[in-house]
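Worksheet: the structure to be examined is printed underneath.
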Amino acid sequence: MHYTLKDHQGSLAAVVRGNTVERLSYDPWGRRRNTSDFGYDNVNYTFDRGYTLHEHYDDFDLINMNGRLYDPILGRMLSPDVVIQDEQSSQAYNRYSYCFNNPLRFTDPSGYVVDWYEKNGVIIWDDYVTSEANTPEGGTYIGPNDKDILKYYGLHEKYDKISMTRSGFSLNGIREKFDHNGNIYPNQSPWLFPTIPTDQVEGYLTTSVKVNFNTDEASGTNKQGKTFEGITFNFHFSQSSRSMDFKGVARLLYASQIQENYLKAPKDSESRIGTKGYEYLTSSIIVPAKDLLNESNFIKATISAASVDRNMLIQSHPVEMIWDLSKPKHTPKQFTFKYYFLYEE
């Protein structure tokens, strides 16, 4: 009896027969190599299966990826892909390239495309679903990339920046106000002198898809153990000087739920963006995949912030920044396809 072990990409890494272990190795593009010195001479193997568990035609130095033949020496397919997998990626326009020229990150189980789908409310990666034609019955085709989940829920990767000006009144002068180059403005007010400190505050919002790779959960149809974990909302807030100190909260409203988190300064002061005249606060909120099972509607994201400077006699007005997330969902027919997601009605 033979036992087989696979690596993180699903490639055949070892074959165990009793007390005998046959180890296998491949270069990043899938060419068989010697496990001792990683050279291409004296390469031993028993099975014709190997790189990403595809069939090797070793006499011809080719790999049969079902839909197309692949040359691991050239790192190229022998025939063109039938679709442009991602029209926003320049790598996709070379129809002979393998996995967007990134073989350490992606695999190509079918020789054409790699796909997501959703069944019974759960988004699943399946190495063998390759087109709209073989989408399981009752599902809806969504799009080619991870980020198409964002489009499906009516979300953008980055939202417009919101800018506001806030002023207060103080008897303590202005504490170190800087220009855009980090230089102190001349003729600043001394301490115990009436002044109106002013700050320019800005905020913006980004989103991303959270995907996990766990080889311990790999299966015959998901060799990478790839799972959709949820959607991350990243909030960014900045003020253009230190004349006033702001604290705030980021909030996300979706379906019947509200999540909130405090805005915090980066732990490492060196990680701040810009010059020392700019203070940045950030926050992140993750919506887990389980909360999206019922096609939750996103409503809005907000940043609420206010000056908390005790030296201010008259505080500035609080800041309220709002991003509308309630846009209609994109219809799946608008996309070209590489991955897809299914929604079960």
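Taking amide H positions as placed in the peptide plane 1.01 Å from N, state which residues far from VAL319 in sequence (5 or more) or on other chains have amide H under 5 Å from it.
Long-range HN contacts for VAL319: ALA305, ALA306.
I need the phi-derived Karplus couplings for region 54-62: 6.51 cos²θ - 1.76 cosθ + 1.60, θ = phi - 60°, integer Hz, Gly and Pro marked x.
8, 7, 8, 9, 5, 5, 10, 6, 10
Read phi for every residue in region 254-262 and hand back ³J(HN,Hα) as whole Hz from Karplus 6.51 cos²θ - 1.76 cosθ + 1.60, θ = phi - 60°, with x for Gly and Pro.
Karplus values, whole Hz, x for Gly and Pro: 8, 6, 10, 10, 10, 10, 9, 7, 5.
Only residues of region 2-29 count here: report those whose backbone N is under 17 Å from the spot 7 Å along Cα→Cβ of ASP61, or say none.
26-29
Grab the Cα-Cα distance for ASN19 and GLN91, subtract it from 0.36 nm times how many residues apart they are, and report the gain in nm with one decimal. Don't jump to the answer; show the numbers that get you there.
Details: separation 72, 0.36 × 72 = 25.92 nm, distance 4.50 nm.
Gain on stretching ASN19 to GLN91: 21.4 nm.
With the calculation restricted to Cα positions, what are the radius of gyration and Dmax of region 1-112 in angstrom?
14.8, 51
Every read-out reported here was derived from the displayed coordinates using simple, explicitly stated rules and does not represent laboratory data. Note that this is a predicted model, so its numbers are computed, not measured. Cβ atoms come from the backbone with ideal geometry, glycine included; neighbour counts cover every protein chain shown.
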